[in-house]
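Just so it is clear, none of the values below were taken in a lab; they were calculated from the coordinates. None of the values given here were measured: they were computed from a predicted structure. Quick reminder, even Gly has a Cβ in these numbers, built from the backbone with ideal geometry, and neighbours come from all protein chains shown.
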Amino acid sequence: MHFTIVTPERTVFNDEVDSVTLPARQGEITVLPGHLPLITPLSSGVITLQKGKEEVHMASSGGFVQVLPDSKIRVLADTAEKAEELTEEKVEQAKKKAEELVHEKRNADKASYISALGSLERELARLKVIRKKKNKRRL
Amino acid sequence: MSNLKDITTRIHSIQNIHKITKAMELVSISKMKRATSAVLASRDYAGTLWAVIDDLAGRVNQKAHPLLFSPKKIKKVLLIVMTSDRGLCGSFNTEIFQKVSQFLKILGEKRKVDYVVIGKKGEDRAAREKWNVLASFDNLSVAPNFNDAAPIARLATDEFLNKKYDHVFIIYSDFVSTINQRSVIHELLPIKSSEDLGDVESNLKKKEKEDLPKYSYEFKFEPGRDEVLEFILPRAIQTQVYQALLESIASEQAARMVAMKNASDAAVDMVDDLKLTFNQLRQAAITREIAEISTGKAVLEEV
């Protein structure tokens, strides 16, 4: 299966994989070869690619996935990073900022509250990706 | 021509200006490169997004989503004008303003036009011309990210959905090449199907038709087609704004680069000219002195 993930700023990943696990809005889905053509939005979360025994984790937010019939999978996301591109410190800081923002905007209008929640979700997904990578090292 | 000292001072000041313009030229080159590579990087995303929208919009009715719906009568128009924050970039901003006045002529006086202005130069112009400005954005970064386009896109979308405007247009400078930028006008809202996509996508479209397979099969939409449309359309608008921003920045830097290159060349020419005059004057002064000395000597010999 060919998997690509692109953001408006760059192409993050573009290679062959065996399976892809994605955080769809309706719940996590795993795409294997021969999947039905599908388009569905994704929530902020972790995308896991499997190639042989190797696993790659990526954090993405605000995207959707397009599964094409010839086992091509394309994710278009607002942001996406591989685990090695993220540093825990920075993400931890960003998370704190996002938490404060959510707190601040609790009584503000709905749109800005939702966008604050969105950025918090994004940072949480990034943290998850970092933790996953760390755990793997310990094993 | 004035005396020798004046000329040396002029030569020095022109050389200093030359240093500045040369430095600005080099800075513009690197900024332009960054902006153009960002445009190229965003094309992948935009291409796929439009392929999906085409696929969706081709199958759904114009009324399926309010962002696709265009009213027959155009009464109120929102115009997004992209200009630069700084000057010294040749005719970059002038061309944008020319495009605006051309477009206003086409629209006629009966239609009400409001503006969203991007860049300080545009704000100055808006104040002078007494434009009705809905919002203005300045100090955008030279390398904007996707989120920087969000407030502009959201503003346009909200106003359109509230039926405050029937159409939203965006005027920006399209980066064709380093020496060629074209100010273009592009319809942002309502979203049109592929045949009449504007300039940002026109080249893309051609490329994409060759690259991407034609969809002869049915996609399954989770949770449903409308929800997917609801999710994708705002991103399409934001992508267009983002690409227009990048094109505009690349054009601005290219225009500045050319302007600064001309200024640097002119400075070199002027210095050459002045040096020639300086040497002529110096030679004349020496000749005069020799003449004076030899006349003096001749006079003494006669006595």
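Just to confirm the number: angle between the C-alpha axis of helix B:4-59 and the first principal axis of chain B, 0 to 90 degrees, nearest 10?
Once rounded, one gets 10 degrees.
Any idea what the dipole of chain B comes to, in debye rounded to 20, about its Cα centre with Lys/Arg Cβ at +1 and Asp/Glu Cβ at -1?
720
Considering only DSSP beta bridges with both partners in segment A:2-84, what is the antiparallel share in %, to the nearest 5?
Around 85 percent of the beta bridges assigned by DSSP in segment A:2-84 are antiparallel ones.
May I ask you to list the GluC sites (Glu not before Pro) in segment B:109-155 that are in a DSSP loop and have at most 13 other Cβ atoms within 10 Å of their Cβ?
Answer by residue number: B:Glu109.
Once each part is reduced to its C-alpha centroid, what is the distance from segment B:152-166 to segment A:39-116 in angstrom?
Cα centres, segment B:152-166 to segment A:39-116: 27 Å.
Could you state the principal axis extents of the C-alpha atoms in chain A, from the largest down, to the nearest angstrom?
Sorted largest first, the three principal extents are 48, 36, 27 Å.
For helix B:150-161, what angle does its Cα long axis make with the longest principal axis of chain B, in degrees from 0 to 90 and rounded to 10?
That helix lies at roughly 50 degrees to the long axis.
Compute the angle between helix A:110-138 and the longest alpha-carbon principal axis of chain A, please, reported from 0 to 90 degrees and rounded to the nearest 10.
Helix A:110-138 sits at roughly 60 degrees to that axis.
Connecting C-alpha atoms closer than 10 Å in a GNM of chain B, tell me which of B:Phe146, B:Phe278, B:Phe97 has the biggest fluctuation.
B:Phe278
Using each residue's phi in segment B:270-281, evaluate 6.51 cos²θ - 1.76 cosθ + 1.60 at θ = phi - 60° and report the 3J(HN,Hα) Karplus result to the nearest Hz, with x for Gly and Pro.
Going residue by residue, I get 5, 4, 4, 4, 5, 5, 4, 4, 4, 5, 4, 5 Hz, with x marking Gly and Pro.
For chain B, modelled as a GNM with alpha-carbon contacts under 10 angstrom, which of B:Ala244, B:Ala284, B:Ala135 fluctuates the most?
So, out of B:Ala244, B:Ala284, B:Ala135, the one fluctuating most is B:Ala284.
How many Å³ per residue does the convex hull of the Cα positions in the protein assembly as shown occupy?
Taking the convex hull of the Cα positions in the protein assembly as shown, it is 235 Å³ per residue.
Working only with C-alpha atoms, what are the Rg and Dmax values of chain B, expressed in angstrom?
When restricted to Cα atoms, chain B yields Rg and Dmax of 28.7, 118 Å.
R0 = 51 Å: FRET efficiency of A:His2 with B:Asn132, Cβ-based, nearest 0.05?
It comes to 0.50.
Using only the Cα atoms of segment A:2-84, construct the convex hull and provide its projected area averaged over every direction, in square nanometres to one decimal.
Value for segment A:2-84: 4.8 nm².
Please list, ordered by chain and number, the residues whose modelled amide H lies under 5 Å from the amide H of B:Ser183; skip anything fewer than 5 residues away on the same chain.
When sequence neighbours closer than 5 places are left aside, the close amide H contacts are B:Asp174.
Please check: in the Gaussian network model of chain B (C-alpha springs, under 10 Å), which one of B:Gly119, B:Gly87, B:Gly224 has the largest mean-square fluctuation.
In the Gaussian network model the winner is B:Gly224.
In segment A:87-138, what is the volume of the convex hull around the alpha carbon atoms, normalised per residue and reported in Å³?
It is 54 Å³ per residue.
With the cut-off at 31 Å, tell me which of the pairs A:Lys96/A:Lys132; A:Lys90/B:Lys33; B:Lys76/B:Lys261 have Cα atoms farther apart than that.
B:Lys76/B:Lys261
Pairs to check: A:Lys82/A:Lys110; B:Lys72/B:Lys164; B:Lys72/B:Lys105; A:Lys110/B:Lys192. Give those whose C-alpha atoms are more than 24 Å from each other in this structure.
Cα-Cα > 24 Å for A:Lys82/A:Lys110; A:Lys110/B:Lys192; rest within.
Dipole size in debye (nearest 20) for the protein assembly as shown around its Cα centre, Lys and Arg Cβ +1, Asp and Glu Cβ -1?
840
Give the residue list of trypsin sites (Lys or Arg not before Pro) in segment B:86-137 that are DSSP loop and have at most 14 other beta-carbon atoms within 10 angstrom.
Listed in order of number, the matching sites are B:Arg86, B:Lys110, B:Lys130.
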